[in-house]
1. If I go through segment 182-200 residue by residue, how many of them are touching a strand residue (DSSP E or B) at 6+ places or on another chain (Cβ under 9 Å) and either over 22 Å from Phe243 (Cβ atoms) or of a type in the set (Phe, Trp, Tyr) (or both)?
2. Can you list residue pairs whose Cβ atoms sit under 8 Å apart, with the first residue in segment 294-305 being in contact (Cβ under 8 Å) with a residue 12 or more places away in the chain and the second being of a type in the set (S, T, N, Q) and part of a helix (DSSP H, G or I)? Count only pairs 6 or more apart in sequence or on different chains.
3. Would you point out the residue of segment 162-184, among those that are closer than 13 Å to Ser208 by Cβ and open to solvent by 10 Å² or more (accessible area, probe 1.4 Å), that is farthest from the chain's Cα centre (by Cα)?
4. Output the residue which, of all residues in segment 147-161 that are polar (S, T, N, Q) and in contact with a Ser or Thr (Cβ under 9 Å, 6 or more places away or on another chain), is surrounded by the fewest Cβ atoms within 10 Å (Cβ to Cβ).
5. Restricting to segment 42-81, and then to whatever is more than 10 Å from Leu332 (Cβ to Cβ), among the polar types (S, T, N, Q) and modelled with pLDDT of 95 or more, can you tell me which residue is surrounded by the fewest Cβ atoms within 10 Å (Cβ to Cβ)?
6. Could you tell me which of the residues Asp200, Asp221 is under 22 Å from Ile137 (Cβ atoms), assigned to a helix (DSSP H, G or I), open to solvent by 10 Å² or more (accessible area, probe 1.4 Å) and acidic (Asp, Glu)?
Amino acid sequence: MAADPNSGDMERLSLNSNGKQSEKGHLVVCFGEMLIDFVPTVNGVSLAQAPAFQKAPGGAPANVAVCIARLGGSSAFIGKVGDDEFGRMLADILKENKVDNSGMRFDPSARTALAFVTLRDDGEREFLFFRNPSADILLREAELDTDLIKKATVFHYGSISLIEEPCRSTQIAAMSIAKNSGCLLSFDPNLRLALWPSDDAARERIMSVWEQADIIKVSEDEVAFLTGDDDPYNDDVVMKKLFHPTLLLLLVSEGSHGCRYYTKKFCGRVPGVKVKPVDTTGAGDAFVGGILYNLASDPTLYRDEEKLREALYFANACGAITVTEKGAIPALPTKDAVEQVLAKRNNH
């Protein structure tokens, strides 16, 4: 896996480490959906059997933004919610968590998205979404805070915003603005098949923006889905089918088992942090928040394997802490909590 001197990497790296990025103040801008998750008050029951639900703010890009801010980093969220009590509540939650919410928009004609989440006994989830259409789908390109995007060191996004117009075109425009201003582009597909018209549509849309990303995080299940291969653990499958020519870092999350990493020069695996899971909602987003928090302050850390491994263990600890409580945003870790986990490892 030798570096390709003709890939355009080197030119961008000098920009990232010496040019625009050094002026930007380590800001991570997260684009996409923010919603309310309704989580059953008891585990292991169906939605119909649940006696009551606890509301928890969520939405993958918003979770990542809050995680970064909780860790002491600088983050902003761009997206649309309803001009309703839930939408205003979500904007306030971002503000309380020190996330810049100036890029949020409020739609008077559509509601904030809702998701009912059933928790199995092992903490894994099933989703029922209410978004027909919800406000997040209706974000238009004219509503983008372009100045905020241009200030970013990292621009992070998912695939849910690619499902329907006008949000799809808005996301593609935002990615272009970010790329042209020297941002690192970070993509976590965060596949939710129940929201897509078909498996083929999901695969096609996700892969349509694949080669624009500098950093990609996928789960084991997403590797199998996107490659059509039964073995998501095969490094050759991952490299041949998912590692595109200008990609800087590909991460495969493996839940409690940790993660794998792939760059042009090296690949490897970092173990997870063992905890008793209560609710896995937001764990992947906390992992992404943990690694982007580190990348925003050191945009070339993926070139140093030892540094990268430390950053990924930090990210694994972020994910592990998050599964010990219900909900996504309420369970996201602080820097102190992560450092306590790291200290335990160092004491062994």
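1. Residues in segment 182-200 being touching a strand residue (DSSP E or B) at 6+ places or on another chain (Cβ under 9 Å) and either over 22 Å from Phe243 (Cβ atoms) or of a type in the set (Phe, Trp, Tyr) (or both): 4 in total.
2. Note: pairs meeting the criteria are Pro299/Asn16; Pro299/Ser17; Pro299/Gln21; Thr300/Asn16; Thr300/Ser17.
3. Applying the first criterion (closer than 13 Å to Ser208 by Cβ) to segment 162-184 yields 162-163, 168-169, 171-172, 175.
Adding the requirement that they be open to solvent by 10 Å² or more (accessible area, probe 1.4 Å) leaves 163, 168-169, 172.
Numbers: Ile163: 17, Arg168: 17, Ser169: 19, Ile172: 17 Å.
If we take residues in segment 162-184 being closer than 13 Å to Ser208 by Cβ and open to solvent by 10 Å² or more (accessible area, probe 1.4 Å), then Ser169 is farthest from the chain's Cα centre (by Cα).
4. Initial filter on segment 147-161 (polar (S, T, N, Q)): 153, 159, 161.
The next check asks that each one be in contact with a Ser or Thr (Cβ under 9 Å, 6 or more places away or on another chain); those that pass are 153, 161.
Working: Thr153: 24, Ser161: 22.
Out of the qualifying residues, it is Ser161.
5. For segment 42-81, the residue satisfying everything is Ser74.
6. Asp200
Residues checked against (1) of a type in the set (Ser, Thr, Tyr); (2) part of a loop (DSSP other than H, G, I, E, B); (3) touching a Phe, Trp or Tyr at 6+ places or on another chain (Cβ under 9 Å); (4) on the phi > 0 side of the Ramachandran plot:
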| position | (1), (2), (3), (4) |
| --- | --- |
| Cys30 | no, no, yes, no |
| Ser46 | yes, yes, no, no |
| Val66 | no, no, yes, no |
| Phe116 | no, no, yes, no |
| Asn132 | no, yes, no, no |
| Asp136 | no, no, no, no |
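The values are calculated or read from the model by the stated rules, or taken from the named source; none is laboratory data. These figures come from a predicted structure and were not determined experimentally. Glycine also receives a Cβ, built like all others from the backbone with ideal geometry; neighbour counts cover every protein chain displayed. For accessibility, only protein heavy atoms count, side chains too; no ligands or nucleic acids. Shrake-Rupley method; radii C 1.70, N 1.55, O 1.52, S 1.80 Å.
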